Amino acid sequence: MKMKFFFGLLVMMAFAAAGCGALLPTATPPVYYQVQAPDASSWGCASSKPEPLRVWALDGAAPYDRNELVLVTGDHALQLSSRYRWISTPGEMLGQAIVETASQVRAFSVVNVPGSPGFLPELHLGGRIREFNFQLSPGRAEAVLDVRIIVWREANPKKLVFQKTYRATETVVQETSPEELTRAMNRVVARWMQELMNDLCQASFDTAS
């Protein structure tokens, strides 16, 4: 049986019996998906910031501190899929996507992560995931991303220089296979990333926006 048919069948079973554990098969090996950094080669910044930026993995309270796909059914019941998973936590994937995209657009002289060799940048970026899920209803699904990003200066005391909450969604109709859902999430991330990069390119990082 093809994966997309199997996943769709599980979703229909969940709608038929709210709260059912049918979306949580444990007898089969897990299948992993990944959020990819978008192709930002055509975006670019008008001018690169002369200072480096350190990007931290984003925080996420439960259930976004785990790598299972999070499903929200029509009755607002939340389920974690033990079979369909991200390759790492959403915060780790999104943090890495920010690093790769900011490097592509050359928003900063250097973009690195905690543990990188060499100097410690003064400018840091982090944030918190508030939603990173798939909202399911009969005949359609929606990938949802809601995240708050902050940038601060590692001074004494620390100084907040940028903060903004982003929300993006992508509707999937008819097919609710894990492949279609995760592709929709990648489209959501790409749109969010373009808005974030535009904001970072334009920000002065002198005072909080």
Using a 1.4 angstrom probe on heavy atoms only, work out the carbon and sulfur share of the accessible area of the chain in %.
53
Using Cα springs under 10 Å in a Gaussian network model of the chain, which residue among Val55, Val70, Val173 shows the largest mean-square fluctuation?
Val173
Quick one: putting +1 on the C-beta of Lys and Arg, -1 on the C-beta of Asp and Glu, what dipole do you get for the chain around its Cα centre, in Debye to the nearest 20?
60
Hey, rough spin-label estimate for Val31 and Lys158, points 7 angstrom out along Cα→Cβ, what's it come to in nanometres?
4.0
I'd like the accessible area for Glu154: 1.4 Å probe, protein heavy atoms, all chains in place, Å² to the nearest 10.
80
Work out the charge dipole of the stretch 40-181 with +1 on the Cβ of Lys and Arg and -1 on the Cβ of Asp and Glu about the Cα centre, then indicate which of Pro138, Ile150, Val99 is farthest towards its positive end.
Ile150
Describe numerically, in nm with one decimal, the distance between label points set 7 Å from Cα along Cα→Cβ at Phe119 and at Asp146.
4.0
Over the C-alpha atoms of the stretch 68-161, what are the Rg and the largest Cα-to-Cα span, Dmax, in Å?
17.3, 53
Give me the accessible area per residue for the stretch 149-209, probe 1.4 Å, as a whole number in Å².
50
For a quick check of your reading of the filter: which trypsin sites (Lys or Arg not before Pro) in the stretch 119-205 sit in a DSSP loop and have no more than 11 other Cβ atoms within 10 Å?
Lys158
Just Ala37, Ala61, Ala155 to compare: in a GNM of the chain, with alpha carbon springs under 10 Å, which one fluctuates most?
Ala155
Separation of the Arg128 and Trp56 label points, Cα + 7 Å toward Cβ, nm:
1.2
Quarter of the Cα convex hull surface for the chain, i.e. its orientation-mean projected area (nm²)
12.9
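The values are calculated or read from the model by the stated rules, or taken from the named source; none is laboratory data. Everything numeric in this text was worked out from a predicted model, so none of it was measured. Methodologically, a virtual Cβ is constructed for each residue, glycine included, from the backbone with ideal geometry; neighbour enumeration extends over all protein chains shown. Each accessible area value is taken on the protein alone, full model and side chains, heavy atoms only, with ligands, DNA and RNA left out. Shrake-Rupley method; radii C 1.70, N 1.55, O 1.52, S 1.80 Å.
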